[in-house]
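Heads up, the thing below is written out as structure tokens.
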Amino acid sequence: MLGMQDPELLKRTASAIALASSLPGCTLAGGLLGVLIDRWLGSAPLGAVGLGAVGFAVAVMQLLRTSRPPDDPPAPPPS
């Protein structure tokens, strides 16, 4: 198996799958939660659209945060 020979490739593949699934997952979760709130409060599409948009925004923020290059390591304290 290729993944077993190269652990770095396996790590990058898992990271890519996680990033690719976060956008539809967060948006869908927000929309479904909005539908439940709409049924409870009787506020037709407002909850589904609103929480779907919030889920989309959270997913975009998560994508930006995880795709940013890591910060430089802190400098050692002066001795």
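Take the residues in the range 28-79 that are polar (S, T, N, Q) and closer than 29 Å to S15 by Cβ, then tell me which one is farthest from the chain's Cα centre (by Cα). Give the steps one after another, and end with the answer.
Here is the first cut: in the range 28-79, the ones polar (S, T, N, Q) are 43, 62, 66-67, 79.
Next, only the ones that are closer than 29 Å to S15 by Cβ stay: 62, 66-67.
Numbers: Q62: 5, T66: 9, S67: 11 Å.
Ranking the qualifying residues of the range 28-79, first place goes to S67.
Assess whether A18 counts as being part of a helix (DSSP H, G or I), surrounded by 14 or more Cβ atoms within 10 Å (Cβ to Cβ) and small (G, A, S). Outline the logic, then answer.
Values: part of a helix (DSSP H, G or I): yes; surrounded by 14 or more Cβ atoms within 10 Å (Cβ to Cβ): no; small (G, A, S): yes.
No; evaluated as a whole, the condition is false for this residue.
Can you find even one residue in the range 27-40 that is of a type in the set (S, T, Y), in contact with a Gly (Cβ under 8 Å, 6 or more places away or on another chain) and exposed (fewer than 14 other Cβ atoms within 10 Å of the Cβ)?
Going residue by residue through the range 27-40, those that are of a type in the set (S, T, Y) are 27.
When the remaining residues are screened for being in contact with a Gly (Cβ under 8 Å, 6 or more places away or on another chain), the result is 27.
Those left that are additionally exposed (fewer than 14 other Cβ atoms within 10 Å of the Cβ): none.
No - not one qualifying residue is present in the range 27-40.
So in the range 27-79, with the set limited to residues that are of a type in the set (S, T, N, Q) and in a helix (DSSP H, G or I), which one is modelled with the lowest pLDDT?
Residues of the range 27-79 that are of a type in the set (S, T, N, Q), as a first pass: 27, 43, 62, 66-67, 79.
Next cut, in a helix (DSSP H, G or I) only: 27, 62, 66-67.
On the way: T27: 93, Q62: 87, T66: 81, S67: 77.
Only one residue tops the list, namely S67.
The values are calculated or read from the model by the stated rules, or taken from the named source; none is laboratory data. Computed from a prediction, not measured in an experiment: that's the story for all the values here. Note that we place each Cβ from the backbone using ideal geometry, even for glycine, and neighbour counts take in every protein chain shown.
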